[in-house]
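Structure record follows, encoded as structure tokens.
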Amino acid sequence: MSSLFSALLPATVLFLAPPLLPVTNTAATVGLRVTPTSVTAENFSNNTRWIVLTSGPARISSALAPHSAVVWSCTEDCLWDVQLQVVDTDGGILHTSQSVNLYSALEWNGQTIWFGQLPTCWLESNGQLQPYFDSMAAPTTAPVHVPVIRPSDGPDGDTPPPIDNKPLPPI
């Protein structure tokens, strides 16, 4: 019985209370912890949140009920190339968090990564919140549009020289 209690204790005291995010003073609503043997997410809000896991073309979403937690058992190898996002529709607006690579989150040794309505995630370290940056995660924004100059759009002489249909010189 004591081994069962010791197995349940980390999941119940994993998150004590959600912090206030330093930008716009909004509360963090979902806490995430990644260890070599588990991934734990807890929803502190009064509304449902969705956890979206992506690996290559595969995408799985899971509803996280208000004031509930979920623990997924795993191995360190199964975290490779898995991205996690938190999604909500509070106020009728779709909010999508930054994408977090679960394998990359292992380097924080089980410290909590917090999600709110901002796209930015926050890492809790020694009671302080700092923006979480994940170089392995896929970007959450659409690619930036780069204008292309077409010959009719630019001034004369702003085009490449014409290419002649003549054979190349011998080598």
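The values are calculated or read from the model by the stated rules, or taken from the named source; none is laboratory data. Computed from a predicted structure; not experimentally measured. Using ideal geometry, Cβ is built from the backbone for each residue, glycine included, and neighbour counts are taken over all protein chains shown.
For the reader, a short list of remarks on this structure follows.
Let's see how each residue does on (1) basic (Lys, Arg); (2) crowded, with 19+ Cβ neighbours inside 10 Å; (3) modelled with pLDDT under 90; (4) not in a strand (DSSP E or B):
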| site | (1), (2), (3), (4) |
| --- | --- |
| Trp50 | no, no, no, no |
| Leu53 | no, no, no, no |
| Arg59 | yes, no, no, no |
| Ala69 | no, no, no, no |
| Cys78 | no, no, yes, yes |
| Gln98 | no, yes, yes, yes |
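- Residue check for Asn46: modelled with pLDDT under 85, surrounded by fewer than 12 Cβ atoms within 10 Å (Cβ to Cβ) and either farther than 25 Å from Phe133 by Cβ or of a type in the set (S, T, N, Q) (or both): no
- Some residue of the stretch 11-34 being of a type in the set (Val, Ile, Thr), within 25 Å of Pro131 (Cα to Cα) and modelled with pLDDT of 90 or more: yes
- Restricting the stretch 100-132 to residues that are surrounded by fewer than 12 Cβ atoms within 10 Å (Cβ to Cβ) and under 19 Å from Asp81 (Cα atoms), the residue that is modelled with the lowest pLDDT: Asn109
- Residue among Leu123, Leu84, Leu106 that alone is part of a strand (DSSP E or B) and touching a residue at least 24 places away in the same chain (Cβ under 8 Å): Leu84
- Residues located in the stretch 87-96, provided they are over 16 Å from Arg59 (Cβ atoms) and either surrounded by 12 or more Cβ atoms within 10 Å (Cβ to Cβ) or among the charged types (D, E, K, R) (or both): Asp88, Thr89, Asp90, His95
- Among the conditions (1) over 16 Å from Gly116 (Cα atoms); (2) in contact with a His (Cβ under 6 Å, 6 or more places away or on another chain), Val70 misses just one, which is (2).
- Check on Ala41, buried (at least 16 other Cβ atoms within 10 Å of the Cβ), on the phi < 0 side of the Ramachandran plot and at pLDDT 90 or above: yes
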